[in-house]
């Protein structure tokens, strides 16, 4: 069962890396970026009999290791997600 | 227009960070992890008149700065995605 964890800094926490990337993009002419935040993506293939069980297991992994819950929020998603990009745009 | 970029190492590239995390999880008793890969999440709020235009703009940002296309693949998604976790599980 493949699940995806997205780990983001909590809204009040300054995202230094995101600010640096946004500034670098502006330097390349991308001045249409209103906001940019950088986080972590963890893709886990977990041996579980159901999606619910996989979610619970990965939630426990997040609390114990994958996320720092003082500074970070996390969300757990099924692997398949709506894509804006057509498959040809995936590099 | 909010879009999400997921940047992953290409399948053939050794994911040292992912291997380290998987090993640390095993040390905590999570021996049900079949595979684990770590990537980057970039959430961009871009000033664009349509989803299509936002996608094209962010695709250009990926090629020029956000991804190293020699080593990494990227996908661009709309911000809303199906979630395995109920909203209460989001920390």
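The values are calculated or read from the model by the stated rules, or taken from the named source; none is laboratory data. The shown structure was predicted, so the numbers you read here are calculated from the model rather than taken from an experiment. Cβ sites come from the backbone with ideal geometry, for glycine too, and all protein chains shown count toward neighbours.
Data overview
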{"read-out": "Segment B:22-37: number of residues that are without any contact (Cβ under 8 Å) to a residue 24 or more places away in the chain and touching a strand residue (DSSP E or B) at 6+ places or on another chain (Cβ under 6 Å)", "value": "7"}
{"read-out": "Test for residue A:22: is it farther than 23 Å from residue B:24 by Cα, more than 7 Å from chain B (Cβ to nearest Cβ), crowded, with 18+ Cβ neighbours inside 10 Å and at pLDDT 95 or above", "value": "yes"}
{"read-out": "Flag for residue B:3 being touching a helix residue (DSSP H, G or I) at 6+ places or on another chain (Cβ under 6 Å) and surrounded by fewer than 20 Cβ atoms within 10 Å (Cβ to Cβ)", "value": "no"}
{"read-out": "Selected residue (criterion: farthest from the other protein chains (Cβ to nearest Cβ)) from residues of segment A:63-78 that are closer than 14 Å to residue A:39 by Cα and without any contact (Cβ under 8 Å) to a residue 40 or more places away in the chain", "value": "A:68"}
{"read-out": "Complete set of residues in segment A:38-62 that are free of Cβ contacts under 8 Å to residues at least 12 places away in the same chain and either facing chain B (nearest Cβ under 7 Å) or on the phi > 0 side of the Ramachandran plot (or both)", "value": "A:57"}
{"read-out": "Residue in segment A:31-42 that is more than 14 Å from the chain's Cα centre (by Cα), in a loop (DSSP other than H, G, I, E, B) and either surrounded by fewer than 13 Cβ atoms within 10 Å (Cβ to Cβ) or modelled with pLDDT of 95 or more (or both) present", "value": "yes"}
